[in-house]
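The values are calculated or read from the model by the stated rules, or taken from the named source; none is laboratory data. Keep in mind that what you see is a predicted model, and the values were worked out from it rather than measured. FYI the Cβ positions are ideal-geometry reconstructions off the backbone, even for glycines, and counts take in every protein chain you see. Areas reflect the complete protein model, heavy atoms only, side chains present, ligands, DNA and RNA absent. Shrake-Rupley method; radii C 1.70, N 1.55, O 1.52, S 1.80 Å.
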Amino acid sequence: MELFEARFELPCSIEEVFDLVIRPEGIKQVSPPEMGLFFTSSPDRYALGSRITFKVQAMGLVRELVHEVTAFDDPYSFTEAQVSGPFRSWIHEHVFEAREGGGAIVIDRIRFLPPGGVAGMIMTASRIRENLEDGFEYRHEQLERHFRSVAGS
């Protein structure tokens, strides 16, 4: 199983960032436009057992995926696992920790197995990791911008 981890700090409380990223509209707001993220079916706010159906574009291919929220500890963490999609396995753990002196630490851990067959020759672990690095760098910038503007209001 491959592991990717992104960790960054934000100028907000864990409750504020948690509330933003458990909403499909919040995730869409902080996702790279070229990802083409489109939710086809999801609740307004994730909860334990929520199913999220969405489409993304990656490596020139549009894919539909279904994830299920398999763990939920508001506002400290939630985990979503792929139910249907291109990966042999995909588990995304979102963790939120209070930072000493204020602010939040956001940790995203993704454990995955790339697709098999022909798709696996295109979507290799190293290419997936590169896409994740770019995507989470963008997400961090957008979250930082969002919470700095909220704090400045």
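A few notes on this one:
- Annotation note: Cβ proximity below 9 Å between a residue of the stretch 12-37 that is at positive phi and without any contact (Cβ under 8 Å) to a residue 12 or more places away in the chain and a residue that is open to solvent by less than 20 Å² (accessible area, probe 1.4 Å) and not in a helix (DSSP H, G or I) (sequence gap 6+ or interchain) occurs for no pair.
- Residue within the stretch 86-104 that is touching a residue at least 24 places away in the same chain (Cβ under 8 Å), at negative phi, touching a strand residue (DSSP E or B) at 6+ places or on another chain (Cβ under 7 Å) and among the β-branched types (Val, Ile, Thr) present: no
- Comparison of Val62, Val66, Val95, Val83 shows that the only residue that is at pLDDT 95 or above, assigned to a strand (DSSP E or B) and open to solvent by 50 Å² or more (accessible area, probe 1.4 Å) is Val83.
- Looking only at the stretch 38-59, and only at residues there that are within 24 Å of Pro115 (Cβ to Cβ) and open to solvent by less than 50 Å² (accessible area, probe 1.4 Å), the one that is farthest from the chain's Cα centre (by Cα): Met59
- Scanning the stretch 132-152 turns up no residue that is acidic (Asp, Glu), more than 16 Å from Ser31 (Cβ to Cβ) and open to solvent by 30 Å² or more (accessible area, probe 1.4 Å).
- In summary, Phe112 fulfils each of the numbered conditions (1) among the aromatic types (Phe, Trp, Tyr); (2) assigned to a strand (DSSP E or B); (3) open to solvent by 20 Å² or more (accessible area, probe 1.4 Å) with the single exception of condition (3).
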